[in-house]
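Please read the structure below before turning to the comments.
The values are calculated or read from the model by the stated rules, or taken from the named source; none is laboratory data. Computed from a predicted structure; not experimentally measured. So basically every Cβ, Gly included, is an ideal-geometry build from the backbone, and we count neighbours across all protein chains shown. The protein model used for the area step is the full one, side chains on, heavy atoms only, and it has no ligands, DNA or RNA in it. Shrake-Rupley method; radii C 1.70, N 1.55, O 1.52, S 1.80 Å.
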Amino acid sequence: MKTTLQKRFILMLAPALVGFGCVLLLRSLGIDPFEAKAMAGWVPVLFILAVATAAAAPIMVRTAFAHRMHLRRQTSEAEFYRFQRAILIVVMATPYLALAVYALAAPAFYLGGALLAMLYALYYHYPSEKRLAFDRRVFRVQ
C-alpha cells in the first residue's frame, strides 16, 4: 500500500511528465515550443538550479532538520512528516527545471545533466518504506 508521501510524490511528478510528453509531441509535429535563441541565456541557469535542487538543497534541508533535532531524545511524527514534505517539495522542483531545459532545446551537455539530476533526485529521494524506516530510526521518531 502506498503511503501518503508516496502518493504526494506521484501527484507532484505527474504534471512534469505530462509536460515532457507535450513538448515531445510538439517537436514531433515540427513545432518548437519556445524561441531557442531568445531563451538560450537561461539554459545554464536552469541547469545549475536543477543540479542544486537535486543534490545540494535536500542536503541542506536534512542538515537543518538534524541540527534542530540533535539534542532531543525523540522526534514527533508530525515534525518528521513536515521534514519529509519539505525534502519532497525541494526535490520535486528538479523535474520542472529539467522540463524547462528540455523545452528550450538546450545543448546536449545541459540537457543530459539536467535529466541526470532529475533521475538522481527521483531515485534517491523517493519516499520508500525502507528509506522512511531508516530515517525514523536516525531521527528517533516516536
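From the helices alone, meaning DSSP H stretches of at least four residues, give me the mean residue ellipticity at 222 nm for the chain, per-run term -39500 (n - 2.57), in deg cm²/dmol to the nearest 500.
Computed mean residue ellipticity for the chain: -23500 deg cm²/dmol.
Take each of the peptides 88-99, 39-50, average the number of other beta-carbon atoms within 10 Å over its residues, and list them starting from the highest.
Values: 88-99: 22.5, 39-50: 17.2.
The densest-packed peptide leads the list: 88-99, 39-50.
Which whole-Hz couplings ³J(HN,Hα) result when phi for each residue of the stretch 83-90 is put into the Karplus expression 6.51 cos²θ - 1.76 cosθ + 1.60, θ = phi - 60°, listed in order with x for Gly and Pro?
With coefficients 6.51, -1.76 and 1.60, one gets 4, 5, 5, 4, 4, 4, 5, 5 Hz.
Take the chain, mark every one of the trypsin sites (Lys or Arg not before Pro) that falls in a DSSP loop and has at most 16 other Cβ within 10 Å, then report the longest stretch left between them, sites excluded. Can you show the working numbers first?
Numbers: sites that count: LYS2, ARG72, ARG73, ARG140.
Formally, the longest exposed-site-free interval is 3-71.
What does the convex hull of the Cα atoms of the stretch 2-61 come to per residue, in Å³, rounded to a whole number? Let's see the in-between values first.
Details: hull volume 6.2 nm³, N = 60.
Here the figure is 103 Å³ per residue.
Express the relative contact order of the chain as a whole percentage, based on alpha carbon pairs under 8 Å and six or more residues apart in sequence.
38
What ranking of GLU79, GLU35 comes out by heavy-atom accessible area, probe 1.4 Å, highest first? Intermediate results must be reported in sequence, preceding the final value.
Values: GLU79 40, GLU35 120 Å².
Largest accessible area first, the residues go GLU35, GLU79.
Hey, got the dipole for the chain? About the Cα centre, +1 on K and R Cβ, -1 on D and E Cβ, debye to the nearest 20? Walk me through the intermediate numbers first.
Values: 16 positive and 6 negative charges, 163 e Å.
Result for the chain is approximately 780 debye, rounded to the nearest 20.
Whole angstrom only: what separates the Cα centroid of the stretch 107-138 from the Cα centroid of the stretch 1-27?
Taking the Cα centre of the stretch 1-27 as reference, the centre of the stretch 107-138 is 15 Å away.
From the phi angles alone, apply the Karplus equation (6.51, -1.76, 1.60; θ = phi - 60°) to the stretch 10-23 and give each ³J(HN,Hα) in whole Hz, x where the residue is Gly or Pro.
Along the stretch 10-23, the couplings run 5, 5, 6, 7, 4, x, 5, 5, 5, x, 4, x, 5, 5 Hz.
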